[in-house]
Amino acid sequence: MQKVTHSSARLPIWHKIYQFYLLLCAQFRRVKGAEYAESLFKDIDEYRHLYLKYTGSPLETAKIFEIGYGARPYRLMALISLGYEASGIDLDSPILRFRLKEFFNIYRRNGIERAVKSAIRYILFDGTDRRRLTAELSKRGRGLQIAESRFLVGDTADVALGENSLDVVLSEDVFEHIPVESLQILTKKMAKAVKPGGLCLIRPNVFTGITGSHLVEWYPQNLHNPGIRRKSEPWEHLRKKRYAADTYLNEMKRSDYRAMFLEDFDILEERVKLPTLGHEYLAPQIKEELKDFDDAELFSNQVMFVLRKKKVIQADPDN
Ligand SMILES: C[S@@+](CC[C@H](N)C(=O)[O-])C[C@H]1O[C@@H](n2cnc3c(N)ncnc32)[C@H](O)[C@@H]1O
């Protein structure tokens, strides 16, 4: 039986439980408000705007592929429900219809810890999340549609994508979880799969930013939360390195992504989601300790790289 998991086996159990508890608190706060469902549609509006800006065509005409749609894949569900020609892949099996078979698939692929976490999250949060998603869709005259065949399961570095078969590749909060060697294969694959002029909109949560550790206590929504008791310090992951999140991280800097993407793509924009996030935590002594990292690194968080495949320059046969 193949087991694939992102959960670190190195962490002491009490730390894992504390992180999971903080995560649950963050999720409870999230489902209290409608911001999450609204944020999905803001993302989609951003994709529409960028696609129109750089291709002159509406996103409705595009074939879209999402890398790492997530265990609760609402962005891809929203795209499909809005009528876009969208599909995607994730290493983890999704829960689409709350069938026993789906939990069994997660157990088989990702182990018992992931299956139990998925079940807890599903029971506690998915009802509300789906209601909110359905409400947002109905404001746009649409109903929730789940096209199961469009949710591929597997490693994105192994997926077969036809040459020039896609107009847009999307990814949110995923690339930082993929080992560098796999990313190098993946970016070449993306460059081959996307049509000339098509776009890749890739938004990792960059390691060097204040949220880059993925410790829940430094999630953006927890940065000003007086209820949080932090064990770690700001940019702990670049300094004392005493705590690690319960997830695999490749630790790539923003400049590393830039260098990797530039091999096959032109970078049209780098869009930092929250440009001022964490400024108040960069005390002079911390800034001194982090002097090897410039502000563009330290004030990175979720950074969208807007990428267009480089034009192949044909060799001149006369030269
Ligand atoms: C933090 S979640 C983000 C999910 C979703 N994009 C979102 O914004 O909510 C990262 C996701 O990336 C997926 N992932 C990590 N490595 C992957 C790989 N090599 N191939 C496909 N999916 C991968 C994980 O399974 C996980 O669902």
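Take the alpha carbon gyration tensor of the stretch 48-181, find the square roots of its eigenvalues, order them as a ≥ b ≥ c, and report rounded if a/c is under 1.5; if not, report prolate when a/b exceeds b/c, else oblate. Oblate. Around the amide H of T208, modelled in the peptide plane, lie the amide H atoms of R254, all under 5 Å away and 5 or more residues distant in sequence or on another chain. A cut-off of 5 Å between modelled amide H atoms, ignoring neighbours fewer than 5 places along the same chain, links I178 with N250. Once you divide the Cα radius of gyration of the chain by 2.2 N^0.38 Å, the number left is 1.02. A cut-off of 5 Å between modelled amide H atoms, ignoring neighbours fewer than 5 places along the same chain, links L268 with V306, L307, R308. Determine the sum of side-chain charges near F261: Lys and Arg each +1, Asp and Glu each -1, restricted to other residues whose C-beta is under 15 angstrom from that of F261. Computed value for this residue: +4. Dipole magnitude for the stretch 13-309: about 1060 debye, using +1 per Lys or Arg Cβ and -1 per Asp or Glu Cβ, origin at the Cα centre.
A straight line joining the Cα centroids of the stretch 28-94 and the stretch 205-240 runs 26 Å. Each Lys or Arg adds one and each Asp or Glu takes one away; over the other residues whose Cβ falls under 12 Å from the Cβ of I89, this sums to -3. Going from the residue with the fewest nearby Cβ atoms within 10 Å to the one with the most, S255, S149, S138, S81 rank S149, S138, S255, S81.
Projected over every direction and averaged, the convex hull enclosing the alpha-carbon atoms of the stretch 108-184 yields 7.8 nm². What does the net charge come to around G209 if you take all other residues with beta carbon closer than 9 Å to its beta carbon, with K and R at +1 and D and E at -1? Local charge sum for G209: 0.
For the set K63/K309; K53/K253; K139/K309; K16/K287, the pairs lying more than 25 angstrom apart at their alpha carbons are K53/K253; K139/K309; K16/K287.
Spacing of the modelled spin labels on H224 and E35, each 7 Å from Cα toward Cβ, amounts to 1.0 nm. Taking a point 7 Å out from the Cα of T247 in the direction of its Cβ, the residues of the stretch 40-61 whose backbone N falls within less than 20 Å of it are 40-44. Where both partners of a DSSP beta bridge lie in the chain, what percent of those bridges are antiparallel, to the nearest 5? Once the DSSP bridges in the chain are tallied, antiparallel ones form about 40 percent. With the simple model of a label 7 Å out from the Cα in the direction of the Cβ, E113 to A259 spans 3.1 nm.
Quick note: the coordinates plus some simple rules give every number you see, no bench work behind them. The shown structure was predicted, so the numbers you read here are calculated from the model rather than taken from an experiment. For neighbour counting, all protein chains shown are included, and Cβ atoms are generated from backbone atoms with ideal geometry for every residue, glycine included.
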